[in-house]
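Undergrad: First the structure, then my questions, so here it is.
The values are calculated or read from the model by the stated rules, or taken from the named source; none is laboratory data. Just so it is clear, the structure is predicted and the values come from calculations on it, not from any experiment. Cβ coordinates were reconstructed from backbone atoms using ideal geometry, including for glycine residues, and neighbour counts include every protein chain displayed. Surface areas here come from the heavy atoms of the whole protein model, side chains and all, with no ligands, DNA or RNA. Shrake-Rupley method; radii C 1.70, N 1.55, O 1.52, S 1.80 Å.
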Amino acid sequence: MDDAVENLASDLLDRRTTTHLTCLILGGPDTGKTTLITALAQTLARQTRVAVIDADIGQSHIGPPTTVGWAMADPNVGDLTRLPVRGLGFVGGLSPPGRLLPLMVTLNQAALEARDAAPIVLVDTGGYIQGPAARALWWNTQRMLNPGVVLAVQKETELAPVLSGLDPSSAVYRLQAAAACRTRSRQMRRQFRRQRLLAYFRHRQTCEVGVEDIAIQVVRPTERSPVPPEPGTALGLIDGDGRDLGIGVALPGSERRIRFLAPPLPSGHIHGVILSDARLGQALGLSIPSPEQEPHA
Ligand SMILES: Nc1ncnc2c1ncn2[C@@H]1O[C@H](COP(=O)(O)OP(=O)(O)O)[C@@H](O)[C@H]1O
Ligand SMILES: [Mg+2]
């Protein structure tokens with residue numbers, strides 16, 4: 001693996017144009033994508049500035065679950081969860097179906113910021129590759145990000161339908177998933193997510209905003225009134241410039257006031273709240289039912 005990573009890293013350096021190189025990794029769950037991106041980031045960071053975007057919203061390594069986050073790679077840090085988060089965008093779910101629009105918008109925003117910060121940008125993704133919506137997601141993502149390189153990691157030929165629709169502007173590297181990759185159970189995924197949430201909300205505090213004082217957006221509109229949000233659901237917190245301040249988790253509130261838990265937020269007034277249906281309450285120890293039944297998460 002070490003030689004393979006070194007070779008790939010030197011290929012990416014060669015392919016970097018005068019401006020930058022974006023490298024997008026695609027593959028099913030548990031094919032070693034994050035392991036490879038981590039090793040590549042660490043190797044490349046010895047030679048140049050490298051940013052990593054984590055677009056896996058279920059098994060998030062950079063930023064909390066439900067978000068796309070990005071960070072600068074560090075040659076001395078071999079674990080993406082330990083890199084300081086430079087930016088995050090709220091997607092409002094633990095898997096892409098039903099959230100392709102916020103996923104693409106937050107990914108685009110992360111790419112704009114990451115490209116300003118580094119000549120090489122590596123984009124890690126979740127394992128959502130099956131079906132027409134997944135094809136639409138990655139085909140449009142290729143058009144949006146224009147990656148010089150796509151790393152396609154497969155156990156067999158499961159990525160063929162996605163790859164067949166990519167345009168020829170990206171060099172596609174087909175890689176065999178390492179036989180040693182461990183398939184993680186639903187329980188292991190949930191446990192990792194819980195750890196990541198607890199880390200993000202370690203210094204949580206209770207906050208409250210008046211419904212009339214803020215703009216409210218809903219990720220997936222439903223029949224019922226969105227306010228107050230269901231206790232335990234994830235909220236995106238937006239400042240007056242439309243930037244994501246962070247995420248919160250709803251507490252029981254009223255029709256006039258939204259109450260939630262949030263970590264200490266960067267300075268900036270909460271101007272907008274995005275209401276989602278992603279349930280995070282149980283992971284934080286709130287006694288609220290948390291049926292996490294989404295596939296691909
Ligand atoms: N080359 C490898 N050799 C041995 N184990 C690996 C290798 N790549 C990944 N793994 C293990 O397989 C599991 C899944 O890898 P991960 O990189 O998280 O996959 P993905 O990001 O595609 O879901 C992890 O437990 C990881 O440590
Ligand atoms: Mg991964």
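Undergrad: Confirm whether Arg135 is open to solvent by 10 Å² or more (accessible area, probe 1.4 Å) and basic (Lys, Arg).
TA: So Arg135 fits the description; yes.
Undergrad: Can you name the residue in region 108-124 that is among the acidic types (Asp, Glu) and out of contact with any helix residue (DSSP H, G or I) (no Cβ under 6 Å at 6 or more places or on another chain) and is also nearest to Trp70 (Cα to Cα) among such residues? First the steps, then the outcome.
TA: Of region 108-124, the ones among the acidic types (Asp, Glu) are 113, 116, 124.
Those still in the list that are out of contact with any helix residue (DSSP H, G or I) (no Cβ under 6 Å at 6 or more places or on another chain) too: 113, 116.
Values: Glu113: 9, Asp116: 12 Å.
Here the residue is Glu113.
Undergrad: Looking at Ser254 and the list (1) assigned to a strand (DSSP E or B); (2) without any contact (Cβ under 8 Å) to a residue 60 or more places away in the chain, which single condition is not satisfied?
TA: (1)
Undergrad: Would you check if there is a residue in region 44-55 being farther than 28 Å from Ser169 by Cα, touching a Leu at 6+ places or on another chain (Cβ under 7 Å) and open to solvent by 30 Å² or more (accessible area, probe 1.4 Å)?
TA: No, region 44-55 has no match at all.
Undergrad: Within region 47-55, identify whether any single residue is of a type in the set (Val, Ile, Thr), within 13 Å of ligand 1 (Cβ to nearest atom) and at pLDDT 95 or above, and answer yes or no.
TA: yes
Undergrad: Across region 80-116, which residue is nearest to Leu235 (Cα to Cα) among those that are among the aliphatic types (A, V, I, L, M) and in a strand (DSSP E or B)?
TA: Only one residue fits best here, namely Leu88.
Undergrad: Follow-up. Sort out which residues of region 7-43 are open to solvent by 60 Å² or more (accessible area, probe 1.4 Å), assigned to a helix (DSSP H, G or I) and farther than 20 Å from Thr67 by Cα, and write them in order of number. Walk me through how you get there before you give the answer.
TA: Start the filter on region 7-43 by keeping residues that are open to solvent by 60 Å² or more (accessible area, probe 1.4 Å), which leaves 7, 14-19, 29, 35.
Now narrow it down to the ones that are assigned to a helix (DSSP H, G or I): 7, 14-15, 35.
Asn7, Asp14, Arg15 - these are the residues of region 7-43 that are open to solvent by 60 Å² or more (accessible area, probe 1.4 Å), assigned to a helix (DSSP H, G or I) and farther than 20 Å from Thr67 by Cα.
Undergrad: Take Ala4 and tell me if it is of a type in the set (A, V, I, L, M), within 12 Å of ligand 1 (Cβ to nearest atom), farther than 22 Å from Asn108 by Cα and open to solvent by 30 Å² or more (accessible area, probe 1.4 Å). Steps first, answer last, please.
TA: Numbers: of a type in the set (A, V, I, L, M): yes; within 12 Å of ligand 1 (Cβ to nearest atom): yes; farther than 22 Å from Asn108 by Cα: yes; open to solvent by 30 Å² or more (accessible area, probe 1.4 Å): yes.
So Ala4 fits the description; yes.
Undergrad: Here is a list: Arg202, Arg174, Arg184, Arg220. Which entry is surrounded by fewer than 18 Cβ atoms within 10 Å (Cβ to Cβ), in contact with a strand residue (DSSP E or B) (Cβ under 7 Å, 6 or more places away or on another chain) and either at pLDDT below 95 or not in a strand (DSSP E or B) (or both)?
TA: The match here is Arg220.
Undergrad: Which is in a strand (DSSP E or B), in contact with a strand residue (DSSP E or B) (Cβ under 8 Å, 6 or more places away or on another chain) and farther than 13 Å from Ser276 by Cβ, of Leu237, Leu245? Spell out how you get there, then give the answer.
TA: On the way: Leu237 fails: farther than 13 Å from Ser276 by Cβ.
Only one candidate qualifies: Leu245.
Undergrad: Something else now. Identify the single condition in (1) in a helix (DSSP H, G or I); (2) more than 16 Å from ligand 2 (Cβ to nearest atom) that Ala134 does not satisfy, given that it satisfies every other one.
TA: (2)
Undergrad: A further question follows. Only one residue in Gln142, Gln191 is within 15 Å of ligand 1 (Cβ to nearest atom) and outside any strand (DSSP E or B). Which one?
TA: Working: Gln142 fails: within 15 Å of ligand 1 (Cβ to nearest atom).
Testing whether each residue is within 15 Å of ligand 1 (Cβ to nearest atom) and outside any strand (DSSP E or B) leaves just Gln191.
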